[in-house]
Each structure stands twice: as structure tokens, then as C-alpha cells.
Amino acid sequence: MASVTISDLRKSFGTVEVLHGVSIDIEDGEFAVLVGPSGCGKSTLLRMLAGLEHVTSGEIRIGSEVVNELPPKDRDIAMVFQNYALYPHMTVAENMAFSLSLKGAPKAEIAEKVRPAAEILGLAKLLDRYPRQLSGGQRQRVAMGRAIVRDPQVFLFDEPLSNLDAKLRVSMRTEIKNLHQRLSTTTVYVTHDQIEAMTMADKIVVMHDGRVEQIGAPLELYDRPANLFVAGFIGSPAMNLLPGRVDGGRFVGDGGVSLPLPPPAPGASAGAGMIYGLRPESMSLGGDIPFRVEVVEPTGSETHVMGSVGGVPVVGVFRERIAARPGEEIHVGIDVGATHLFDAGSGMRLSA
Amino acid sequence: MARARRGGPLVWLTESRNGLGLIFMLPAAVFLICFLTYPLGLGVWLAFTDTKIGRAGIFIGLENFTWLSEDRVFWLSVFNTFFYTLIASVLKFALGLWLALILNENLPFKNFFRAVILLPWVVPTVLSALAFWWIFDSQFSIISWVLMKWGMIDAPINFLGEPWNARFSVIAANVWRGIPFVAISLLAGLQTIPQSLNEAAALDGATSWQRFRRITLPLLTPIIAVVMTFSVLFTFTDFQLIYVLTRGGPVNATHLMATLSFQRAIPGGQLGEGAAIAVAMIPFLLAAILFSFFGLQRRRWQQGGGD
């Protein structure tokens, strides 16, 4: 196990720079999730950690050692690929034992290490199968088993769940999280799914266009997004963003609706060109804000309502069952403590 | 079917599924029968007769084969064929695989090199054989000339005049011609191996040799089996190259079974005997095909599961 320190890391493919100076500290035993829309450079960053891509500039440390020029095989890192990259001509057992057999480990030692890993993952009965004979979820587990057997310093996961169906994804999520709690190996996990990031991570790194937008614990990112990008990316349904201005201690939307202001951050100047951030779930029935209903989606446990506030499309999530018809107007209240204010120009957070 | 019977055979032929199928198959069947089955059958029949050019023969049973079994030139040609096939195939495989591996890397001008590699295969055999004829000329050989300029030899090498020199010279020409097929086919095979497997192996601690031995090579074996079967069949039945370069000489040292068969049958006029030599190749070719049939069977790891 080891910490991972990335400082001012840059990567160019030809003349195109895809990572513009990324710095991330991942502590020993931490589960860090790199999340961002596709093309944000998160996979490239992971591949650079693995040594599969060359570092253009900057520094990667694993433990105290700079690994920039170290070939992948000497980094003591295990990676789970998006397509699993199982060796098709080897059985499950051989796949898991591959790294050990490369080192020329004796058969007894190999069996001793493969068995517990297979049992943790429920693969004990599949050891003689070939990858082709496995289902997606089983292949996923074999890929993880191959990594566990290695007992590496760092686990890397490259969108490991994106080829699974929705239900399996949820259960594998728990399984990976469990596994991490059991082995507490430093883990770097790449995904584009913010729910995966929220549910699994100790630390989330939100990336966008080759830059780090914010680093923090899941709830920290949810409660205090540093900028508009993080605000819109974290949370589902996404945060409602209403353009407007601050006038007389209230937020006045472009459509004329007046909303209560969250406490301002120290030194932040509020005025024109503001964005008001309102989470769908921080609205409640029975306030003074008019909400025109367009679509009602009952999910059973809660009700999603699409509509508009002051002419701006807004989504609300309510605990109550709502029988409003499309076109009707309901009145909602806002939990002021859970609202956010951003500068429309820079996108930076203004509220505390 | 009931309707077909009512309408007579012509209606059946043009309107029922089976009748139409028969019509559509006819051109291919005629082609195969006229140009493959008939010549093959005729060749086998001739092998059991004493036909000469200009004289119809009579059935003489295995007499041709008995005669051949005591013919030292025939056995020499069998030896030559095996030697030629074995050495040339091994060289083609080794060099072809090597080239394929190089071309699979990210080289500058990759497509240009891939196109250039194909050239020897595109040039008609007779043309390249003629070029080699000059390269191997006993007086004007460029190889001899270069070696003499470098002071490594004193007199030109008699490439095609000495039995072993000649054998290796024709093998060299055959290898030159055969490499592109092997290299390009194996390159295609290499490109079906996902990059991530190599990356996974690298992370698992494999050196580049281990990656080749334990990932690339096993995954490539099904394609190697196909490519090498074809390569062996082409080499075993080679005719043009030998015929242009040496005509089987010197003193039959480069006669392959195919060239000897032609030699005896057409210039020599002994159609029956020539056919017998050709028929004698069939068991060997069948063996190669059977070998490939079993070699080509899907391996256990290729079976089961969809996607």
C-alpha cells in the first residue's frame, strides 16, 4: 500500500494538450474516484498512473518514489480494464495466477493465493472456465481477482462497471466498496457516473477539460460545489441553475421571481450576473414560490416534478405524492441553507 | 410439390425451391466438374495406364508406381520437395512473423511499408524468377559482384550450377516470394489481438518477451495454422519458380515432384508416368490438409459463450 501524489501533471498528444497541470494527493488506503464527462482526461490520467502513457511533464509519486520513467511492470500496480482484458486462452485460475507464474512462483504458492481471492469473489466454482464461458459480471470479478492476487500497492479501475447492466452495476458497486474496506488498498477509480463516484469514494476528483474542478469528500462536493460545473455534475437530478441578479437582499431571477439568498461567502461581491443554484430535493411543498407544473413522474418513494419557476425550467423532487396536473401551479418553499450562489461569468461559488 | 407434379418437370424446375436451387448451382457445378474433377480424375486414371503422347494407353495397374519406387531420380525429387518445403516454410514463417511484428508497431510511414512488403507477391512469379535468374547468374550475379568488390570471395559463386548451392538458391527465391503472404496474414491476425491484453500483461509484470510468448503467440496460433497450411501447400506444389530458374538441374538436384512430373509427362512424353508422380503427391497433400483440419479446429478457449 502506498499514497499516490500527482503534481502539476501535463499530457500532450502531438500539439494538443489534454491534461493542463493536474495535482492530486491520494492518501494511503484511500478510495479516490476520478469523475468527469467523457473526454475530460480522467482515463488518460489513469493510464499515466499505470505507466501506459508517457508523462509529458509533471510528477507522479507512488509512496515516496517518482515513477514517471518506470515501466508498468515495475510499478507494482494492478489495473482493472473497462473491457476486463482477460486472457482468452487462459482459464480463470490461470488468468488470476498469471502475474505469479510470470515470476516463476511455485504451484503451491500460486494455489494458496488464488484460492482465497477466488473465494472472496465467489469464483471458486469457475476456476476451470475460460473467459468466453463467463457472464459479464463474472468476467468483471475475474478481472478484480487478477488484481487482488497481485496484492499491489495501488488498484486502478478504468470504468469497470460501464459494460454491465444497471442492476449488476449497483451490486458490483457494493462489492467493490466492500472489497476495498476489506483490503484497504489505495484505489484510484475512474468513472463518468457521478452516482458511482458519490456512493463509492472517500475522495472525489471532479475533472473537466483536462483540469481538476474540485477535490473533496462526496458530501462536501454535494453541499458546497466550488463552481457551476461541479454544481451541475454532482447530484441527480441535476441542480437547477437560475440566472438573475442580487437585489435588496434577495435573488431576483431573470423571469422576475424573487428567492431568498444563502449566506454570502466572506468577501464575495454580489450584484448582477449571478446564477442561483437550487437542488431539486431542497424544495418542499407549501411555500410562497410559484412553480408551474409540466410533467409529474412518480417513482414510488418520491415524486419528480418538471416545470418552471419564473420562466426557467426547474426540476423538483418531493417526498410527498403530488397529484398536480400539467399546467397547474403549486407553491413551493426552499431550504435556504441548501441553496448556492455562483458568479455567472467565472462560474465560481459566491455563497458560503 | 403437389403443384409441381401437376405442372410437369419444366414448371417444377423453374418454380419450386429445389428446382431453382438446382439451376442456380448449375454454373458452379459445371465449372467444378469440367476444370477440377475431370482433370483430377483423368490424372488419376492416367497414372494407372501406360499412356504416351500420341498413343492411348491401356490399364497397367500399379506398374507405374512399382517402376517409380525403384527410380532414384523420383526419390531424389521426393527428398528435394520435402527439403524445399521444410526449409522454405520455416524461413517464411520466422521472417514473416518477424516482419508482421515490426509492422504492427507504430512506425512512421507504416502504410507505405505495408504496401512495399506486398510487392514480391504482386509481381508475377515468372518475372521475379527471371530477376532471380540474373541475380543467381554464374557470371553476372550481383551478389558475387558485391562480395568480390568487398574482397570476401575471389571467384563468382556458381549459384545454380552446384547441387546444394542451387537448392538453397531456389529456396531463397521462394522465401522472398512467399514472405508477403505470411507477413500480411499474420499482421492481420496480430491486429485482432486487443491492445489492452498486452497492457494488462505489462501491468502483471511481463517483459516484452514474456508478452510475446504467453499472450501474442498463443492468441495467434489459430491464424498461424491457417497461414502455414496454405504456405506449405503452395510450396509443396511449386512449379513455376523452379522451372524458370533451373528446370530441375543441375543433375536433377532441384527437381521437385511437380517439375519432375511435368518433365516426364510433357517433354518426355510419358503421360502415364508423369501422372503417377503427380498422384504420388496426393497422400502428402492430404496429410497436410488433415493436419490443418485438426490444427484449425477451434481451441477450447475459443468455444462457448457468445459476445
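For the reader, a short list of remarks on this structure follows.
- When each of the peptides B:8-16, A:2-10 is scored by the mean number of other C-beta atoms lying within 10 Å of its residues, the order from highest to lowest reads A:2-10, B:8-16.
- Per residue, chain A exposes an accessible area of 43 Å² to a 1.4 Å probe, with every protein chain left in place.
- Solvent-accessible area, 1.4 Å probe, carbon plus sulfur percent, for the protein assembly as shown: 62 percent
- Number of partner chain Cβ atoms within 10 Å, mean per residue of B:201-214: 6
- In the B-A interface, the accessible area buried, summed over both sides, Å² (probe 1.4 Å): 2300 Å²
- Viscosity 1.306 mPa s, temperature 10 °C, Stokes-Einstein D of chain B from Kirkwood C-alpha radius, µm²/s: 68 µm²/s
- Rg to Rh quotient for the range B:1-159, alpha carbon positions, Kirkwood Rh: 1.20
- Relative pair counts by distance (%), Cα atoms of chain A, 10 Å bins: 5, 22, 25, 21, 15, 9, 3, 0
- Within 10 Å of each Cβ in A:61-74, the average number of Cβ atoms from other chains: 2
- The protein assembly as shown: Cα Rg divided by the 2.2 N^0.38 Å rule of thumb: 1.45
- Taking amide H as placed 1.01 Å from N in the peptide plane, A:Ala265 has its amide H under 5 Å from the amide H of A:Ser351, A:Ala352, each at least 5 places away in sequence or on another chain.
- Using the average count of surrounding beta-carbon atoms within 10 Å as a protection proxy, the listed peptides A:272-278, A:121-127 rank, highest first, as A:272-278, A:121-127.
- Ranked by the mean number of other Cβ atoms within 10 Å of their residues, highest first, the peptides B:138-146, A:92-100 come out as A:92-100, B:138-146.
- Accessible surface calculations at 1.4 Å, restricted to protein heavy atoms, place the range B:71-302 at 50 Å² per residue.
- Gyration tensor (alpha-carbon) shape descriptor, the range A:182-298, a/c threshold 1.5: prolate
- In the complete set of protein chains, residue-level accessible area for B:Leu86 is approximately 110 Å², probe 1.4 angstrom.
- Helix A:107-120 vs. chain A, principal-axis angle (Cα, 0 to 90°, nearest 10): 20 degrees
- Chain B: most fluctuating residue of B:Phe236, B:Phe65, B:Phe136 per GNM, C-alpha cutoff 10 Å: B:Phe65
- Pairs of Lys in the protein assembly as shown closer than 22 Å at Cα, counting only those 8 or more apart or on different chains: 15
- Averaged over the residues of A:82-89, the number of partner chain Cβ atoms lying within 10 Å of the residue Cβ comes to 6.
The values are calculated or read from the model by the stated rules, or taken from the named source; none is laboratory data. Everything quoted here is computed from the prediction, not taken from an experiment. No Cβ is skipped: glycine too gets one built from the backbone with ideal geometry, and neighbour counts run over all protein chains shown. Note: accessible area is taken over every heavy atom of the protein model, side chains too, but ligands, DNA and RNA are not part of it. Shrake-Rupley method; radii C 1.70, N 1.55, O 1.52, S 1.80 Å.
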